[in-house]
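Chemist: Got a structure for you, questions after.
The values are calculated or read from the model by the stated rules, or taken from the named source; none is laboratory data. All of these numbers come straight from a predicted model, not from anything done at the bench. Cβ: placed from backbone, ideal geometry, glycine included. Neighbour counts: every protein chain shown.
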Amino acid sequence: MGSEGYFLNQFLAPRTNCREDRWGGSLENRMRLPVEVVARVRAALGPEKLLIYRISLLDLVTEGQEWSEIVALAHAVTEAGADVLNTGIGWHEARVPTIVTSVPRAAFAHLTAKLRPEVSVPVIASNRINTPQVAETILAQGQADMVSMARPFLADPNFVATAARGEAARIAPCIACNQACLDHTFSGKLSSCLVNPRACHETELVLAPASAPRRIAVVGAGPAGLSSALALAERGHAVTLFDKADRIGGQLHYAAAIPGKEEFRGLIDWFEAEIGARTVDLRLGHAPEPDELTGFDEVIVATGVRPRDPGIPGQEGPNVISYADLLSGRAQAGPRVAVVGAGGIGFDVAEYLVTGHSTTIDPPAWRTEWGVSDPSVARGGLAPEGPRPDPAIRRVTLLQRKAEKLGKRLGKTTGWVHRAGLQMRAVEMLGGVSYERIDAQGLHVTTPDGPRLIEADTIVLCAGQESERGLADALLSRGVAAHVIGGAEVAAELDAKRAIDRGTRLAATL
């Protein structure tokens, strides 16, 4: 492991190798440790076993390696006995994202392509390769001899077999959210997967064939209802899935509308493919009445959430909209916007409001935005001019009641990316505010420094959610016991991880 800022990589970079003995200083000395390690591991392995060296092609830290040094190292470690070079990108300390959702697919494969003609051994491309199509494109274009993946096999352990059958649409996609894998890892929890909660819980969360198949109604085709319906169908139950909307996905569609979260579209597409491939009776555009559900053996209510009413005087005015109205396209925002609430939705809404062009689907623009250069031009691959994002298309102020740093409760490995992205586009972030009133001028608040008017053409309410429990309560009043999951059960922040996990676990028990 000679990449990502680990021990061997630290010896290679002038940033961290300040030694003055034969292990530091010149390139030959800085390379000495990784080359010696490879040589001794090769000697211990013997000539037949495969030895792969993960080489950092882009450190993304100041005083990282430059390209000529990387090529020299590649030659040295292969001469010392490495059979294959797997390419690594970015130190953990780098202030450039390398694997999160907003990083373009295969964003760094061009660097593997740059190394390939320099060496005589196979090279492997890594980072943000999550579908067979992406992998095949890299190979077809001659950018690499192989590709490596990690998180996609948590999302779907049958990735390779399903691809081999020509059914790529049925591969559960890694959306690079990090919520249940890396966030868990760095919090001392067992790793799993938002998309596939059975990952690392295979012996505990078992979807065994039902001994007595039942007729089960699932109301709500958001992530909780979808995961429950699919797991129930896999077990052999007869499932009818209702949703009042004309499409499945629920609030996943709001996520998919955010620039940088295009991967959520793939998750919705996968749910559609799976529902179509299984014996689920899908009834869209239909909100069932309680009496329609009395004939089922079990009823699962996954009716989701509705935006919470923050009770700000003047919020009924024409310049006030909800996040649901904005992200669904039912309402538009003016050039100056105040966003009430700085949870995950508030950050997403702010991103939506300031971004004119999603660089996630435009790798060269993404590299410019984050200040990524070629390591043959700039040491460490950091552009001397730094990040150069497109200007914000609106002036946005993001506010919260809590007197703490905005974004403090976002994902452990992704929160900094969201905060940095908004800071680069000059989003003002205010914490510890009290909302006094809204009028034609904008939003009147009291800050720790005193009263203030946030001049705004539009105020977007992202002040949390409330469970949509009307159907569940109506069923209970008729003596019908319903299982309530997802946002209908707990509404504190939209949480697809919890919703999918809860839906799958419930299905395993019925």
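Chemist: So, Arg95, is that one part of a loop (DSSP other than H, G, I, E, B), more than 36 Å from the chain's Cα centre (by Cα) and either of a type in the set (Lys, Arg) or on the phi > 0 side of the Ramachandran plot (or both) or not?
Modeler: no
Chemist: Continuing with the same structure: The conditions are (1) basic (Lys, Arg); (2) outside the structural domain of Glu274 (by TED's automatic domain parsing); (3) farther than 19 Å from Thr509 by Cβ, and Arg198 fails exactly one of them. Which is it?
Modeler: Of (1) basic (Lys, Arg); (2) outside the structural domain of Glu274 (by TED's automatic domain parsing); (3) farther than 19 Å from Thr509 by Cβ, only one is false for Arg198: (3).
Chemist: To continue, here is another question. For the stretch 410-426: of the residues being hydrophobic (A, V, I, L, M, F, W, C) and over 17 Å from Ala94 (Cα atoms), which is surrounded by the fewest Cβ atoms within 10 Å (Cβ to Cβ)?
Modeler: The qualifying residue surrounded by the fewest Cβ atoms within 10 Å (Cβ to Cβ) is Ala426.
Chemist: Only one of (1) in contact with a helix residue (DSSP H, G or I) (Cβ under 9 Å, 6 or more places away or on another chain); (2) loosely packed, with under 14 Cβ neighbours inside 10 Å; (3) not hydroxyl-bearing (Ser, Thr, Tyr) is not met by Cys18, so which one is it?
Modeler: (1)
Chemist: Right, here's the next one. Could you list, in sequence order, the residues of the stretch 92-106 that are touching a strand residue (DSSP E or B) at 6+ places or on another chain (Cβ under 8 Å) and under 16 Å from Ser373 (Cβ atoms)?
Modeler: Correct list: Val96, Thr98.
Chemist: Could you check Pro288 against (1) more than 15 Å from the chain's Cα centre (by Cα); (2) buried (at least 21 other Cβ atoms within 10 Å of the Cβ); (3) in contact (Cβ under 8 Å) with a residue 40 or more places away in the chain and say which number it fails?
Modeler: (2)
Chemist: Right, Thr294: β-branched (Val, Ile, Thr), under 27 Å from Gly225 (Cα atoms) and either within 21 Å of the chain's Cα centre (by Cα) or surrounded by fewer than 19 Cβ atoms within 10 Å (Cβ to Cβ) (or both) or not?
Modeler: Yes; evaluated as a whole, the condition is true for this residue.
Chemist: Restricting to the stretch 128-147, and then to whatever is assigned to a helix (DSSP H, G or I) and of a type in the set (S, T, N, Q), can you tell me which residue is nearest to Leu57 (Cα to Cα)?
Modeler: Per the stated criteria, the residue is Thr137.
Chemist: Name the residues in the stretch 308-323 that are assigned to a loop (DSSP other than H, G, I, E, B), under 27 Å from Val490 (Cα atoms) and polar (S, T, N, Q), would you?
Modeler: Gln315
Chemist: Within the stretch 25-63, how many residues turn out to be under 35 Å from the mean Cα position of the chain (by Cα) and of a type in the set (Lys, Arg)?
Modeler: Number satisfying all stated conditions: 1.
Chemist: Checking Arg409 against (1) more than 30 Å from Leu111 (Cβ to Cβ); (2) modelled with pLDDT of 95 or more; (3) in a loop (DSSP other than H, G, I, E, B), which single condition isn't satisfied?
Modeler: Condition not satisfied by Arg409: (2).
Chemist: Just to confirm my filter: which helices (runs of 4 or more DSSP H) fall fully inside the stretch 208-281 and include at least 1 residues that are in contact with a strand residue (DSSP E or B) (Cβ under 9 Å, 6 or more places away or on another chain)?
Modeler: Ranges flagged: 223-235, 263-277.
Chemist: Out of the residues in the stretch 202-213 that are under 19 Å from Arg502 (Cβ atoms) and either out of contact with any helix residue (DSSP H, G or I) (no Cβ under 9 Å at 6 or more places or on another chain) or of a type in the set (D, E, K, R) (or both), state the one that is surrounded by the fewest Cβ atoms within 10 Å (Cβ to Cβ).
Modeler: Selected residue: Glu204.
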